[in-house]
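**Q** Questions regarding the structure given below will be posed in turn.
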Amino acid sequence: MTPSKNKHYGYTPAEYSRFKEFAWKMLLSFGLTYMFFYNGRQNINLVMTQMAEGLGSTTAAMGVVSSALFWCYAFGQLINGRLGAYFGYKKFMMAGVAASALINVIISFQHSVPVIAVLWGLNGFCQSMVWSNGVGVLNKWWPKKERGFASGLATAFSGVAQVVTYLTILLCMQLNPEWGWRSAFRYPMAPMVLMLVAFAVFFKTKPEDVGLKPFEEEDKAAAARDAALEAEMAKKGYLYPYKVLFSEPKVIVFCLISAIAGVGRYGLLTWVPTYFTESMGLSIKQGIFSSILLPFGQACAMFVFPLITDKVFKGKREPMLALASIVTFFGMVTFPFIGTQSLASVMLFVVGVSGMVTGVVWAVAGDMGGRAFSSTVVGVLDWAVYMGAALQASVFGFVKDTFGWPAVFITIGVLYVLMLVLTLCARKMKMRKL
């Protein structure tokens, strides 16, 4: 975090040093906790074939089970940004982590597909209690000019989380091969719960919690807007932010962009490991190793993309979205026709980088919502992301069975062309009420 030449966001030098210290503690404690949180969400994708075999089901049916998490996560995000603000961000987030870990362990003892689907949906709601609230708190610690970097770093942790989940599941299956798919729902929960200790100690929800006043934006117009919105929310109640946001055309356009990003990100994470085992004849272990470049590329993009928008495009997010859309389209339409495992893995890294645009979306959310509405904007856009994720999980299994694997990846590529069109429209749009 770099202070202004003349001011330290309204702080004395000593206060600014303390503010910067706690801003970093907040960001890192949130990021590290979230990094292990994916152990309770992405684990199912890596053992879907084993689950189908062990439970006497099909991969298409297990795709529908997987979608239960996305549906419940999506609608949970729509309300949990506001609920976290009401009940207290920190306690609300900690409850989500603990409940998700418990539900995963309960699932590991189940033998009924419908029961697992219900529990997996409940897990999705618990998982939705963390992200929007964490990003909302982030915007109370990181001013607008640093927000792209901070949101990018936080999102990069979620990209690294996917790599951590892949490696954790591999380790668990090595430790207890006799447990089969059930091992993916047991051991990985331990680091999730352990990280809550560090989170409880270091995570602070706002500068006032450590004896500091809120920071002052260098952009006086943005600061005045935040103050006015806070006053309006105090007068008009719980539903006011939703009324404002869903009346903004630019928010609607970014909901559509977010939904496509959800299809791209989770479509690949959900189906690529199964693609390697079914289409290329690899073992589950080989498939996970071949797939790992995908989340690694996504992690790189989550950090790099928002940073580029801050430093190269001077806070303009749309050019990065447009470039990423074009690269992803070409990567997706060529991927299913690559015949070698090594080249397919490299292509996964490329589309992992280019298709992972949610790091930019969260920076947009902070820009649109400021400190007053940020957690609600993030919740709304993340709802859209997971609506896209839920649709792909429900549909792509049947698309694969009906039209073959190429149809899955070509569909994702075509959707990124639509994202390009929406991005060009969003570039000319202004927020009317925010």
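The values are calculated or read from the model by the stated rules, or taken from the named source; none is laboratory data. Since this is a predicted model, take the numbers as computed values, not measurements. Heads up, the Cβs are rebuilt from the backbone with ideal geometry, glycines too, and the neighbour counts pull from every protein chain shown.
**Q** Quick test of your reading of the structure: M129 fulfils all but one of (1) part of a helix (DSSP H, G or I); (2) farther than 27 Å from T58 by Cβ; (3) of a type in the set (A, V, I, L, M). Name the failing condition by number.
**A** In the conditions (1) part of a helix (DSSP H, G or I); (2) farther than 27 Å from T58 by Cβ; (3) of a type in the set (A, V, I, L, M), M129 misses (1) alone.
**Q** Continuing with the same structure: Return a yes/no flag: does the stretch 324-338 have any residue that is small (G, A, S) and outside any helix (DSSP H, G or I).
**A** no
**Q** Just for the stretch 402-425: of the residues that are in contact with a Phe, Trp or Tyr (Cβ under 7 Å, 6 or more places away or on another chain) and surrounded by 21 or more Cβ atoms within 10 Å (Cβ to Cβ), which one is farthest from T59 (Cα to Cα)?
**A** Result: Y416.
**Q** Looking at S291, S247, S279, which is the one that is surrounded by fewer than 18 Cβ atoms within 10 Å (Cβ to Cβ), touching a residue at least 40 places away in the same chain (Cβ under 8 Å) and farther than 16 Å from L381 by Cβ?
**A** Going through S291, S247, S279 in turn, the sole match is S279.
**Q** Conditions first: (1) closer than 25 Å to Y275 by Cβ; (2) modelled with pLDDT under 90; (3) surrounded by fewer than 24 Cβ atoms within 10 Å (Cβ to Cβ); (4) not β-branched (V, I, T). M356 passes all but one, so which condition is the exception?
**A** Only one criterion in (1) closer than 25 Å to Y275 by Cβ; (2) modelled with pLDDT under 90; (3) surrounded by fewer than 24 Cβ atoms within 10 Å (Cβ to Cβ); (4) not β-branched (V, I, T) is unmet by M356, namely (3).
**Q** Looking at the stretch 270-284, can you tell me whether even one residue there is assigned to a helix (DSSP H, G or I), farther than 14 Å from S151 by Cβ and within 15 Å of the chain's Cα centre (by Cα)? Full working, then the answer.
**A** Within the stretch 270-284, the first condition is being assigned to a helix (DSSP H, G or I), and the residues that meet it are 270-279, 284.
Narrowing further to those that are farther than 14 Å from S151 by Cβ: 270-279, 284.
Filter again for within 15 Å of the chain's Cα centre (by Cα), leaving 270.
The answer is yes, given that some residue of the stretch 270-284 is assigned to a helix (DSSP H, G or I), farther than 14 Å from S151 by Cβ and within 15 Å of the chain's Cα centre (by Cα).
**Q** Consider G267 carefully, then state whether it is among the small types (G, A, S) and under 19 Å from L420 (Cα atoms).
**A** Details: among the small types (G, A, S): yes; under 19 Å from L420 (Cα atoms): yes.
For G267, the condition - among the small types (G, A, S) and under 19 Å from L420 (Cα atoms) - is met.
**Q** Output the number of the condition that Y386 fails; it satisfies all remaining conditions of (1) modelled with pLDDT under 80; (2) assigned to a helix (DSSP H, G or I).
**A** For Y386, the exception is condition (1).
**Q** Continuing with the same structure: If you take the residues of the stretch 164-214 that are acidic (D, E) and under 20 Å from G84 (Cβ atoms), which of them is surrounded by the fewest Cβ atoms within 10 Å (Cβ to Cβ)?
**A** E208
**Q** With respect to S29, determine if the residue is within 18 Å of the chain's Cα centre (by Cα), in contact (Cβ under 8 Å) with a residue 24 or more places away in the chain and under 27 Å from F289 (Cβ atoms).
**A** Against the criterion (within 18 Å of the chain's Cα centre (by Cα), in contact (Cβ under 8 Å) with a residue 24 or more places away in the chain and under 27 Å from F289 (Cβ atoms)), S29 does not qualify.
**Q** Suppose we filter the stretch 107-123 for residues that are under 16 Å from I79 (Cα atoms) and either in contact with a His (Cβ under 7 Å, 6 or more places away or on another chain) or in contact (Cβ under 8 Å) with a residue 60 or more places away in the chain (or both); how many remain?
**A** Number of matching residues: 1.
**Q** Output the qualifying pairs, or none if there are none: Cβ atoms under 8 angstrom, residues six or more apart or on different chains, first residue in the stretch 212-231 and over 18 Å from H8 (Cα atoms), second residue outside any helix (DSSP H, G or I).
**A** R225/L434; D226/E217; L229/L434
**Q** While we're looking at this one, here's another question. Being without any contact (Cβ under 8 Å) to a residue 40 or more places away in the chain and either assigned to a helix (DSSP H, G or I) or at positive phi (or both) is the filter here; which residues of the stretch 412-432 pass it? Before you say what the answer is, go through the steps one by one.
**A** Initial filter on the stretch 412-432 (without any contact (Cβ under 8 Å) to a residue 40 or more places away in the chain): 421, 428.
Within the stretch 412-432, V421 is the sole residue that qualifies.
**Q** Considering (1) touching a residue at least 24 places away in the same chain (Cβ under 8 Å); (2) closer than 29 Å to A150 by Cα, say which one F335 fails and leave the rest.
**A** (2)
**Q** Right, another one. In the stretch 339-357, what residues are part of a loop (DSSP other than H, G, I, E, B) and in contact with a Lys or Arg (Cβ under 9 Å, 6 or more places away or on another chain)?
**A** Those that are part of a loop (DSSP other than H, G, I, E, B) and in contact with a Lys or Arg (Cβ under 9 Å, 6 or more places away or on another chain): M356, V357.
**Q** Would you please name the residue that is surrounded by the most Cβ atoms within 10 Å (Cβ to Cβ), looking only at residues in the stretch 125-145 that are more than 13 Å from T376 (Cα to Cα) and without any contact (Cβ under 8 Å) to a residue 60 or more places away in the chain?
**A** Result: C126.
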